[in-house]
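Working notes, beginning with the structure itself.
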Amino acid sequence: MPENHFGEAVAASYDDDSADLFQPAAVDPVVDFLADLAGSGAALELGIGTGRIALPLARRGIPVHGIDLSEAMVARLRAKPGAEQIDVTIGDFATTTVEGRFAVAYLVFNTIENLTSQDQQVACFQNVADHLEPGGCFVIEVEVPQLQRLPPGETVRAFALTPTHLGFDEFDVANQGLISHHYSVVDGKFELLSMPFRYVWPSELDLMARLAGMTLRERWAGWRREPFTSDSPKHVSVWEKPARD
Ligand SMILES: C[S@@+](CC[C@H](N)C(=O)[O-])C[C@H]1O[C@@H](n2cnc3c(N)ncnc32)[C@H](O)[C@@H]1O
């Protein structure tokens, strides 16, 4: 099982720390997009966390199943109204299997990068393909690697600089590794939280999809289907499983 970086301390403040992403302006376009793809089928969320997307999607009448490593994150989800509609399996979403076949599987908010090796990311695509019904779709929302912002020879880039939060990304370019360091003020003192990621290119994701028998159907810069360009900082991509197994 991969290391769990979303333990009690992270889970306790997750919703407050990501408050903007819980607002309807952020959530509604995601839910519209996923509900369209789900149609009358079911949805599988990898890294369901505290239910930011799963709960409103389930409120639209779509059966949702979630997978997550973190008991602490899932405990927050289970404490929310509507959570009784959602089945959750504790496990690694690269390998964990669940009952049923799904019209759509989704992995949002850069969570594919929580898998810190190429092998794990490849396994995740295969695991998703195995859970999709014929014609089903896999949706990923993830940043475009921010290497153009890294001057030659530098390995660290600041992404947050406020009196209560300092954030630095540390790149290991040779290995597509990234560690996000967060220094946050807690009880008047800075505390450090460092989280490892593996950044991944859009074309590499397309190849992982192809290895798992899926093909790219759509790529957008955001959930409102904004055009994806060379300047887009993130993408929302949809791969499709063939209509026949
Ligand atoms: C950034 S949070 C996103 C949560 C939720 N999807 C959202 O949009 O708010 C990432 C979640 O993925 C889970 N996670 C990370 N790596 C995982 C893995 N290998 N298997 C299962 N869950 C994982 C974490 O525990 C956490 O709940």
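Quick one: how many residues across the stretch 188-213 are in contact with a His (Cβ under 8 Å, 6 or more places away or on another chain) and of a type in the set (Ser, Thr, Tyr)?
Here is the first cut: in the stretch 188-213, the ones in contact with a His (Cβ under 8 Å, 6 or more places away or on another chain) are 192-196, 202.
Checking the rest, the ones that are also of a type in the set (Ser, Thr, Tyr) come to 194.
Of the residues in that region, 1 qualify.
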Original post:
Is it the case that the stretch 185-193 has a residue that's surrounded by 13 or more Cβ atoms within 10 Å (Cβ to Cβ), more than 19 Å from the chain's Cα centre (by Cα), aromatic (Phe, Trp, Tyr) and closer than 21 Å to PHE6 by Cα?
Top reply: no
Original post:
Which condition number does GLU113 fail, the rest of (1) outside any helix (DSSP H, G or I); (2) out of contact with any helix residue (DSSP H, G or I) (no Cβ under 6 Å at 6 or more places or on another chain) being met?
Top reply: (1)
Original post:
PRO145: assigned to a loop (DSSP other than H, G, I, E, B) and touching a Phe, Trp or Tyr at 6+ places or on another chain (Cβ under 9 Å), yes or no?
Top reply: yes
Original post:
Tally time: how many residues in the stretch 33-74 are in contact with a Leu (Cβ under 7 Å, 6 or more places away or on another chain) and more than 8 Å from the ligand (Cβ to nearest atom)?
Top reply: 6
**OP:** Considering each of PHE102, PHE109, PHE93, PHE6 in turn, give the residue that is in contact with an Asp or Glu (Cβ under 7 Å, 6 or more places away or on another chain), at pLDDT 95 or above and within 8 Å of the ligand (Cβ to nearest atom).
**Re:** PHE109
Original post:
Can ILE140 be described as touching a helix residue (DSSP H, G or I) at 6+ places or on another chain (Cβ under 6 Å) and either of a type in the set (A, V, I, L, M, F, W, C) or surrounded by 15 or more Cβ atoms within 10 Å (Cβ to Cβ) (or both)?
Top reply: yes
Original post:
How about the stretch 72-102: which of its residues are touching a residue at least 40 places away in the same chain (Cβ under 8 Å), touching a strand residue (DSSP E or B) at 6+ places or on another chain (Cβ under 6 Å) and not in a loop (DSSP other than H, G, I, E, B)?
Top reply: VAL88, PHE102
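Regarding ASP92, is this residue in contact with a Pro (Cβ under 7 Å, 6 or more places away or on another chain) and buried (at least 17 other Cβ atoms within 10 Å of the Cβ)? Break it down into steps so the answer makes sense when it comes.
Details: in contact with a Pro (Cβ under 7 Å, 6 or more places away or on another chain): yes; buried (at least 17 other Cβ atoms within 10 Å of the Cβ): yes.
When the stated conditions are applied, ASP92 passes them.
The values are calculated or read from the model by the stated rules, or taken from the named source; none is laboratory data. Since the structure is predicted, the reported quantities are computational estimates derived from the model, not experimental observations. Cβ sites come from the backbone with ideal geometry, for glycine too, and all protein chains shown count toward neighbours.
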